[in-house]
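To start, the structure itself, in structure tokens.
The values are calculated or read from the model by the stated rules, or taken from the named source; none is laboratory data. Worth saying up front: this structure is predicted, and the values here are computed from it rather than measured. Glycine also receives a Cβ, built like all others from the backbone with ideal geometry; neighbour counts cover every protein chain displayed. Ligands, DNA and RNA are stripped out before the accessible areas are found, and what is left, the full protein with its side chains, is counted by its heavy atoms. Shrake-Rupley method; radii C 1.70, N 1.55, O 1.52, S 1.80 Å.
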Amino acid sequence: MRSLYVKFVVFTIGIMIFSGILAFLISNMYYQQKLKPFNDQKNTTIALNIAEFTGNQPDLDLKDYFENISSIGYQIFLVDNSGNEFYFGAPFREKTLSHSTKEQVINGDIFHGILNFPQETFVTGFFANELKNTIGVPLTHNGKKYALFIRPDIKLLFNEMHILFGWLLALAIMLSIIMVIFITKYLVHPISKLTSATKSLSNGNYNVDLDTTRHDELGELSLSFLRMASKLEQMDEMRKEFISNISHDIQSPLSNIKGYANLLKSESMSPEDKSNYISIINGEIKRLSTLTRQLLLLASLDRDEDIMKRKSVNIGKQIKELIRSNQWQIGEKGITLGFTLPDVEITGDPSLLNAVWDNLLTNAIKYNKPNGIIEISIKEQGKSVLVFFEDSGIGLNDKEKERIFDRFYRVDTARSRSVDGTGLGLSIVAAIVTLHGGIIHVNSIENQGTSFVVELPVR
Ligand code: ADP
């Protein structure tokens, strides 16, 4: 029984059968405890009334009279003290009744056959068409003693109702089984679809088709499932792109190193060429080293464990030191750098924050125009500080601006492609700023310049 559908159907029908049996047993108990004595009492009263009436009517023809009574719905057995027996109405299926019972009733006892009928189900009790299942009362007519045994003719009285209730029950059971079979299909269908969607997802196929129009938990589940599938697809894409980018970024310096190292083997080479090649090789090694350093940093930022070593950091001083160490590159490009850097202390990880300023400053130099301008400033604003890096560089258009924080993204124009870089710097910056509870904004106009604003909480 593997499928949920079969289980559902079997369990529901099982519950129906079980509750049917239970209801039958409970109503049977009710019949035995309450209805049977009541029924006995009712029929005793009727029998006594008949006996009294006949006793008071000496002119009455007993046989005619009982023939009449039986035709309106009674089964009657009459026996006199000489042992003559008469039956009126529908015949009894079972006529055994002890001789002593008949004697006792003739002599004045009342026989409670209905009450004392064996404790079986009400179907066999109430409907049992037996002489034992009657009420017996004494009757005296014209000085002659009789015993009158009487029971309602259930068949005559209730036959149509009997059939009607039978049909009602059968129809109710049949219809509910059919409905269970169909409704369960309707209920279980989305679950089967989700199951096959899960399978297709685990096989790497993210294009799953699910019904999200249902307004219930299953519809909601399908919707979340689709969202999860598209998120997984995105992540999978990112993973593939990441690996292909890393492989490319490692492969190209390695093949350059290999090529130039081979050239160095040639003996007929001028000392200038040789030193030129060596510096190219060194440059490639530096690129590889930067790349691995950035990858390691990103990996540790990605890990959830707390890598921050919080301290009080004077960011003004930190940036000024950074400018000093980059003075040579700034001077080489003829860039004019101005700054307003007051001593501002914030709580953070000094080396991670240094990586932020370093990336923003080197970008402002790298993507600047010759003889351009860089302006760096710090402003305190309530419980946060704003750090501005503004340059008069090549700028970014709106589309590029959206993507610069993506890993490995580099603006693909001749201007910026000629500049060394990995495309990881700004994604590291964004991760560090987020880790410090801050945000980073970028404003830029193509060909005019870019400004980055880092907003960090003081504590
Ligand atoms: P990279 O190693 O290429 O500098 P980053 O992640 O630091 O990587 O920057 C991503 C891209 O964003 C850069 O390749 C460049 O195209 C663009 N970019 C970053 N900073 C600036 C800036 N100050 N001005 C113009 N473009 C910039």
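Taking a straight Cα-Cα cut-off under 18 Å and skipping sequence neighbours fewer than 8 places away in the same chain, the aspartates and glutamates within cross-link reach of LYS144 are GLU52, ASP59, ASP61, ASP64, ASP80, GLU85, GLU103, ASP109. Normalised by residue count, the range 149-272 yields a Cα convex hull volume of 161 Å³ per residue. Straight-distance candidates among the aspartates and glutamates for linking to LYS34, with alpha-carbon spacing under 15 Å and chain neighbours fewer than 8 residues away dropped: GLU120.
Normalised Debye scattering of the chain at q = 0.06, 0.09 Å⁻¹ gives log10 I(q)/I(0) of -0.57, -0.83, counting only Cα atoms as equal scatterers and leaving out solvent.
The range 370-442: which trypsin sites (Lys or Arg not before Pro) are DSSP loop and have at most 16 other beta-carbon atoms within 10 angstrom? Of the trypsin sites (Lys or Arg not before Pro), the ones in loops of the range 370-442 whose Cβ has at most 16 other Cβ atoms within 10 Å are LYS383. Computed from the C-beta positions of SER300 and LYS240, the FRET efficiency with R₀ = 25 Å rounds to 0.65. A simple spin-label model places the labels of GLU267 and GLN251 3.6 nm from each other, with each point 7 Å out along Cα-to-Cβ. Checking the cross-link pairs LYS309/LYS369; LYS199/LYS401; LYS42/LYS63; LYS311/LYS333 against a 30 Å limit on the alpha carbon distance flags LYS309/LYS369; LYS199/LYS401; LYS311/LYS333 as lying beyond it. Taking all protein chains into account, the per residue accessible area for the chain stands at 60 Å² (1.4 Å probe).
Counting only protein heavy atoms and a probe of 1.4 Å, the accessible surface of the chain is 59% carbon and sulfur. Percent of Cα pairs in the range 311-457 per distance bin of 5 Å, from zero to the largest separation: 2, 10, 20, 25, 21, 15, 7, 1, 0.
Restricting attention to the range 217-302, lysine pairs at least eight places apart or on different chains and with alpha-carbon atoms under 17 angstrom apart total 4.
The longest part of the chain holding none of the exposed loop GluC sites (Glu not before Pro), meaning those outside H, G, I, E and B in DSSP with at most 16 other Cβ atoms within 10 Å, is 121-266. Here the gap between SER19 and LYS42, fully extended at 0.36 nm per residue and compared with their Cα-Cα distance, gives a gain of 5.1 nm. Centre-to-centre, using Cα atoms only, the range 299-326 and the range 191-242 are separated by 40 Å. First check a/c for the range 1-131, with a ≥ b ≥ c the square roots of the eigenvalues of its C-alpha gyration tensor; if it is under 1.5, answer rounded, and if not, answer prolate when a/b is larger than b/c or oblate otherwise. Prolate, because a/c is 1.5 or more and a/b exceeds b/c. Phi angles of the range 404-412 translate, via the Karplus equation with coefficients 6.51, -1.76, 1.60 and θ = phi - 60°, into HN-Hα couplings of 4, 8, 6, 5, 6, 6, 10, 5, 8 Hz per residue; Gly and Pro are given as x. Within the range 4-159, DSSP assigns beta bridges of which about 95% are antiparallel (rounded to the nearest 5). Straight-line cross-link partners of LYS379 among the aspartates and glutamates, defined as a Cα under 16 Å from its Cα and at least 8 positions apart when in the same chain: ASP343, GLU345, GLU390, GLU455. Between the beta carbons of LYS383 and ARG403, assuming R0 = 35 Å, the FRET efficiency works out to 0.65 to the nearest 0.05.
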